[in-house]
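In what follows, a structure is listed as structure tokens, so that the remarks can point back to it.
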Amino acid sequence: MDLASTKIYTEDDYYNIPEDVRAELIDGDIIYNMAAPGKIHQFILMEVSTVINNYIKSKGGKCRVVPAPFAVKLSKDRNTIVEPDISVICDPDKFTDRGCTGAPDWIIEIVSPSNSSHDYVTKLNLYLETGVREYWIVDPDKQKIFVYNLENDKFNVETYTFKDTIKVNIYEDFDIDFSTLDI
């Protein structure tokens, strides 16, 4: 009796998915659980992206803010391509014609009820393993933001609410006051 074989999908398979289908490639598995985001998700995405982009521009910074959909191949030696809600990438050499290769400096995921474990478990571990310096999980249902900072190969976490001002750890002088965002 033959053992069932599992197909390992590649970067080529990922890029052959129709453009109207949102998916991610996680260690050779294609994950199709990416429903269109809702109104609050998109309001948060736009508000936070704008605040970050305005800060970077005001400082003459080289980092770029890229909202989803945007393909991020976390490392060259792994069949993993994710589409973070917001990626902040400070090394221009990581940009490719197809997206980004290498870990962004800062990733923000906005939780959708249908895939919360994907952000809280799967992506948390992926981002830790690949060296993302800062990872925020914004949870609209809980009205909380979980901020993970990479220190000594592990994430330290702090929890905030939508009424708090949060220090952005990859910058010396940048805070985001969630109470002022129009969400």
(message) With viscosity set to 1.306 mPa s at 10 °C, what whole-number translational diffusion coefficient in µm²/s follows for region 81-183 from Stokes-Einstein and a Kirkwood radius over Cα pairs?
(response) 111
(message) Taking the alpha-carbon distance from Lys73 and a cut-off under 29 Å, which lysines remain once sequence neighbours fewer than 8 residues away in the same chain are dropped?
(response) Lys7, Lys39, Lys57, Lys59, Lys62, Lys94, Lys123, Lys144, Lys154, Lys167
(request) Bin all alpha-carbon pair distances of the chain at 5 Å intervals from 0 and give each bin's fraction as a whole percent. (result) 1, 7, 17, 21, 21, 16, 9, 4, 2, 1, 1, 0, 0
(request) With springs only between Cα atoms under 10 Å apart, run a GNM on the chain and tell me which of Asp164, Asp139, Asp93 wobbles the most. (result) Asp93
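Normalised by the residues of region 71-120, what does the relative contact order come to in percent, with Cα pairs under 8 Å and at least six apart? Mind dumping the intermediate values first?
Numbers: 67 pairs, mean separation 19.2, N = 50.
Once divided by the residue count of region 71-120, the mean separation gives 38 percent.
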(request) Take the Cα atoms of region 81-121, build their convex hull, and give its volume per residue in Å³. (result) 77
(request) Could you list Ser116, Ser87 in order of exposure, starting from the residue whose Cβ has the fewest other Cβ atoms within 10 Å? (result) Ser116, Ser87
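Give me Cys90, Cys63, Cys100 sorted ascending by neighbouring Cβ count inside 10 Å, so fewest comes first. Kindly include the intermediate steps, with their values, before the conclusion.
Working: Cys90 15, Cys63 19, Cys100 22.
Fewest-to-most ranking of Cys90, Cys63, Cys100: Cys90, Cys63, Cys100.
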(request) Whole Å is fine, so just give me how far the alpha carbon centre of region 6-41 lies from that of region 110-181. (result) 22
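Can you compute the helix-only [θ] at 222 nm over the chain? Use -39500 (n - 2.57) per DSSP H run of at least 4 residues, normalise by all residues, nearest 500 deg cm²/dmol. Each step should come with its number before you reach the end.
Details: 3 runs with 32 residues, N = 183.
Taking each H run of at least 4 residues, the total per residue is -5000 deg cm²/dmol.
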(request) Could you work out the Rg to Rh ratio of region 1-85, with Rh taken as the Kirkwood radius (inverse of the mean 1/r over all Cα pairs)? (result) 1.11
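Take Asp20, Asp119, Asp13 and order them by how many other Cβ atoms sit within 10 Å, fewest up front.
Numbers: Asp20 5, Asp119 22, Asp13 15.
With the sparsest Cβ surroundings first, the list reads Asp20, Asp13, Asp119.
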(request) Name the residue, out of Lys154, Lys73, Lys59, whose mean-square fluctuation peaks in a Gaussian network model built on the chain with Cα pairs under 10 Å. (result) Lys59
(message) Can you compute the modelled spin-label distance between Lys76 and Phe43, with each label point 7 Å from Cα toward Cβ, in nm?
(response) 4.4
(message) At 0.36 nm per residue, and after removing the present C-alpha to C-alpha distance, how many nm does the segment from Asp173 to Asp13 gain when stretched out fully?
(response) 53.4 nm
(request) Report, to the nearest 10°, how far helix 39-58 tilts away from the longest principal axis of the Cα atoms in the chain, using its own Cα long axis and a range of 0 to 90°. (result) 60
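Relative contact order of the chain: what whole-number percent is it, with Cα pairs under 8 angstrom and at least 6 residues apart?
Numbers: 314 pairs, mean separation 27.9, N = 183.
The value is 15 percent.
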(request) Report the residue, chosen from Pro104, Pro37, Pro67, that carries the largest GNM mean-square fluctuation when the chain is represented by alpha-carbon nodes joined by springs under 10 Å. (result) Pro37
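Coordinate-derived values only; no laboratory data. Being a predicted model, the structure only gives us computed values, none of them experimental. All Cβ positions, even for glycine, are placed from backbone atoms using ideal geometry, and neighbour counts span all protein chains on display.
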